[in-house]
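Written out below as structure tokens is the structure these notes cover.
The values are calculated or read from the model by the stated rules, or taken from the named source; none is laboratory data. It should be emphasised that the depicted structure is a prediction, and the values quoted were computed from it without experimental measurement. Cβ coordinates were reconstructed from backbone atoms using ideal geometry, including for glycine residues, and neighbour counts include every protein chain displayed. All accessible areas refer to the heavy atoms of the entire protein, side chains included, with ligands and DNA or RNA removed. Shrake-Rupley method; radii C 1.70, N 1.55, O 1.52, S 1.80 Å.
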Amino acid sequence: MKLQKLLSYVRRAVEDYHMIEQGDKIAVGVSGGKDSVCLLLALKHLQRFYPKKFELEAITVSLGLPGAVYDDIEAFCNQIGVGYTVVHTDIGQIIFHERKEKNPCSLCAKMRKGALNDMAEKLGCNKVALGHNKDDIVETFFMSLFYEGRINCFAPVSFLDRKQIYSIRPLMYVPEPEIKGFIQKSGLAIVKNPCLVDGSTKRQETKELLAELSKNYNHLQEKVFGAIQRSDLKGWQKQI
């Protein structure tokens, strides 16, 4: 995938769901992984020509786990002219050592998002951009069905009343394999996930199941994504 195609995906998502308005200050959640780095680069390029002017800030929430070094991410932000903040937390210590969670992902996600939103608020941001791609959306839909017994999925745009902050997901149309290819060809530095359960999560199980099902059902993920978009799930109706 070339940069031009990435930008076309992102601009379509932004316009379909009115993700960006004039004067927005957007905090980009940058874990350092492929999705968040790709998102930051795409929004920076979009900023240069999009008719509605907006500002960007990059925020990394560090879990406090060993092995996570964000020097390359900081250098990248300096290179493209985006302010960068690292929020240092003890989330990893709390989840893996104090509480010893068997299924830590849900609690970790809530705590990370809370820390991200808090810092976004301090920096004067009214929106937070998250790096969920098209595959993430389909996987989340199935995880909600399998593990919670309900038909649900996060929306392209959601509003947090308590913080008065919107969450937006500009990568929602981008397939994960295309992001991987883009990162490999661009040579952008990414940070290896230091999570102790990386690769053995419920999301990984769901990803592998969908890959197996896709062998027998052509365009499975595309069909499921289309069904989500046409559903009555809150926030999924395109804005006119």
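Before moving on, here are some points about what is shown:
- Answer from HIS18, HIS45 - the residue that is under 25 Å from GLY124 (Cβ atoms), open to solvent by 70 Å² or more (accessible area, probe 1.4 Å) and modelled with pLDDT of 95 or more: HIS18
- Among the residues listed as LYS100, LYS110, LYS2, the single one being over 18 Å from ILE165 (Cα atoms), at pLDDT below 95 and out of contact with any helix residue (DSSP H, G or I) (no Cβ under 9 Å at 6 or more places or on another chain): LYS100
- Unmet criterion (only one of (1) of a type outside the set (Gly, Ala, Ser); (2) surrounded by 16 or more Cβ atoms within 10 Å (Cβ to Cβ); (3) in contact (Cβ under 8 Å) with a residue 60 or more places away in the chain; (4) touching a helix residue (DSSP H, G or I) at 6+ places or on another chain (Cβ under 8 Å)) for LEU116: (4)
- When ALA13, ALA68 are screened for being under 20 Å from ILE165 (Cα atoms), small (Gly, Ala, Ser) and in contact with a Lys or Arg (Cβ under 9 Å, 6 or more places away or on another chain), only ALA13 passes.
- The sole residue among VAL197, VAL191 that is β-branched (Val, Ile, Thr) and surrounded by 18 or more Cβ atoms within 10 Å (Cβ to Cβ) is VAL191.
- Counted residues, the stretch 68-109 - those being of a type outside the set (A, V, I, L, M), more than 17 Å from VAL128 (Cβ to Cβ), open to solvent by less than 70 Å² (accessible area, probe 1.4 Å) and in a loop (DSSP other than H, G, I, E, B): 4
- Scanning the stretch 161-183 for residues that are open to solvent by 60 Å² or more (accessible area, probe 1.4 Å) and either over 12 Å from ASP35 (Cα atoms) or among the hydrophobic types (A, V, I, L, M, F, W, C) (or both) returns ASP161, ARG162, GLN164, TYR166.
- The set of residues in the stretch 137-159 being open to solvent by 20 Å² or more (accessible area, probe 1.4 Å) and part of a helix (DSSP H, G or I) consists of THR140, PHE141, PHE142, MET143, LEU145, PHE146, TYR147, GLU148.
- For the stretch 88-98, the condition of being closer than 20 Å to LYS34 by Cα and of a type in the set (Ser, Thr, Tyr) holds for none of the residues.
- Filter result (assigned to a loop (DSSP other than H, G, I, E, B) and open to solvent by less than 100 Å² (accessible area, probe 1.4 Å)) within the stretch 200-226: SER200, THR201, SER214
- Residue pairs meeting the criteria (Cβ under 9 Å; at least 6 apart or on separate chains; first under 15 Å from TYR173 (Cβ atoms), in the stretch 209-227; second of a type in the set (Gly, Ala, Ser)): GLN221/SER214
- Complete set of residues in the stretch 16-37 that are under 17 Å from ILE165 (Cβ atoms) and not basic (Lys, Arg): TYR17, HIS18, MET19, ILE20, GLU21, GLY23, ASP24, ILE26, ALA27, VAL28, GLY29, VAL30
- Test: residue in the stretch 142-156 that is under 25 Å from TRP236 (Cβ atoms), in contact with an Asp or Glu (Cβ under 8 Å, 6 or more places away or on another chain) and touching a residue at least 12 places away in the same chain (Cβ under 8 Å): yes
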